[in-house]
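Notes for the one structure printed next.
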Amino acid sequence: MMPVIAFGEALVDMLSSRLGESAGNATETFTPYAGGAPANVAVACARLGVPSRFLGMLGQDHFGDFLAAELTAHGVDTSGVVRTCEARTALAFVSRDVSGERTFDFYRPPAADLLYRLEHLPPGVFAEPAIVHFCSNSLTEPGIADTTLAMADMASRAGCLVSVDANLRHNLWAGGSADIALITQLIDRASLVKLSTDELDYLRADHPADAWLAHRLAAGVRLLVITDGPGEVRAVGVGKELAHMPPKVDAVDTTAGGDAFIGGLLAELSHFMEREAGAEEWYQDDEFLQQALRTAANCGAHAVTRPGAYAALPDREDLVRLRGESGS
């Protein structure tokens, strides 16, 4: 199988014990869960049997030890993880409403993941074909943004397939809103892009959605996958649009839903690349794409029924059970 390499932040999600309760109504405690969007994707792929590697930086602290151990325990190659004493591992305090939708309070910056630079890359990391995955949270400061864009270019030149999840977290950005131009630069370097309807509406600004998507395809993006929470998933490419309705589940915690989705999609792509000997026209195979959307949606549906991130991500047996329960 073609390996998946995920780059960016690994952080600790401190999940609140309260569910939809206002402050002061109950004693609140926080339980640490390993998380961070690209790290979640690396774990999601590993749990689905795909060779998976995480690149990033952790603090030389207790939470960094916790994350490194959790990544390893879930089968992720951590040989590209760098440790530093110059900053702490990032934390995110996560609150949930009654439907499991979450809000984040980030303790970042400063954080160790923002200090990763090109010189920290393992030698020959892109020497073999791979799927290389990025998120926009590694664009929030100039140094890490330059590193991220340069890595995407390096991966593409080396013949890797670049994947990007918009994964907007506005409160990580100075001024409280994500930089549309910078995120668009990263998106336009990708072959596969995943974003939600809310993210699409934000990034397109005053442009009609169809026109914005057409611009991304003209820039070289092969497929844009648009999720809508429990609603219909759309996949848009040149001259094509596919759709799939996820199974209905009772959401408990949506923290890892999107990461499980893109992890499932990349796992299917990895298997397809193996079966078809690195087929460059994966985005034109409608049968494969429909199957990949189905698997991705099932992964997302499974993840939101459990608290936390790594702990909520499905393996193949979980997907078989879900298909049996939902008929999808």
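At negative phi and buried (at least 19 other Cβ atoms within 10 Å of the Cβ): is that true of Ala309 in this structure? Give the steps one after another, and end with the answer.
Numbers: at negative phi: yes; buried (at least 19 other Cβ atoms within 10 Å of the Cβ): yes.
Yes.
Just the residues that are out of contact with any Phe, Trp or Tyr (no Cβ under 7 Å at 6 or more places or on another chain), open to solvent by less than 60 Å² (accessible area, probe 1.4 Å) and on the phi < 0 side of the Ramachandran plot, please, taken from segment 70-98. Once the filter is applied, which keeps residues that are out of contact with any Phe, Trp or Tyr (no Cβ under 7 Å at 6 or more places or on another chain), open to solvent by less than 60 Å² (accessible area, probe 1.4 Å) and on the phi < 0 side of the Ramachandran plot, segment 70-98 yields Thr84, Ala87, Ser95, Arg96.
Within segment 259-317, the set of residues being in a helix (DSSP H, G or I), under 18 Å from the mean Cα position of the chain (by Cα) and among the basic types (Lys, Arg) comprises just one member, Arg294. Arg321 satisfies every condition listed in (1) in a helix (DSSP H, G or I); (2) at pLDDT 95 or above except (2).
Do the conditions hold for Thr255, that is, is it assigned to a loop (DSSP other than H, G, I, E, B), in contact with a Lys or Arg (Cβ under 6 Å, 6 or more places away or on another chain) and in contact (Cβ under 8 Å) with a residue 40 or more places away in the chain? When the stated conditions are applied, Thr255 passes them. Where strands (runs of 3 or more DSSP E) fall entirely within segment 43-114, those with at least 1 residues that are small (Gly, Ala, Ser) are at 52-59, 77-84, 91-96. Among the residues in segment 17-30, are any modelled with pLDDT under 95, open to solvent by less than 60 Å² (accessible area, probe 1.4 Å) and within 15 Å of the chain's Cα centre (by Cα)? No, segment 17-30 contains no residue that is modelled with pLDDT under 95, open to solvent by less than 60 Å² (accessible area, probe 1.4 Å) and within 15 Å of the chain's Cα centre (by Cα). From the list Ala10, Ala34, the lone residue that is at pLDDT 95 or above and open to solvent by less than 40 Å² (accessible area, probe 1.4 Å) is Ala10.
Is there a residue being open to solvent by less than 10 Å² (accessible area, probe 1.4 Å), over 19 Å from Leu161 (Cα atoms) and not in a helix (DSSP H, G or I) anywhere in segment 234-252?
no
The values are calculated or read from the model by the stated rules, or taken from the named source; none is laboratory data. Keep in mind it's a predicted model, so treat the numbers as computed, not measured. Neighbour counts are summed over all protein chains in view; Cβ atoms, including those assigned to glycine, are modelled from backbone coordinates with ideal geometry. Protein only, heavy atoms only, side chains kept; ligands, DNA and RNA dropped before computing areas. Shrake-Rupley method; radii C 1.70, N 1.55, O 1.52, S 1.80 Å.
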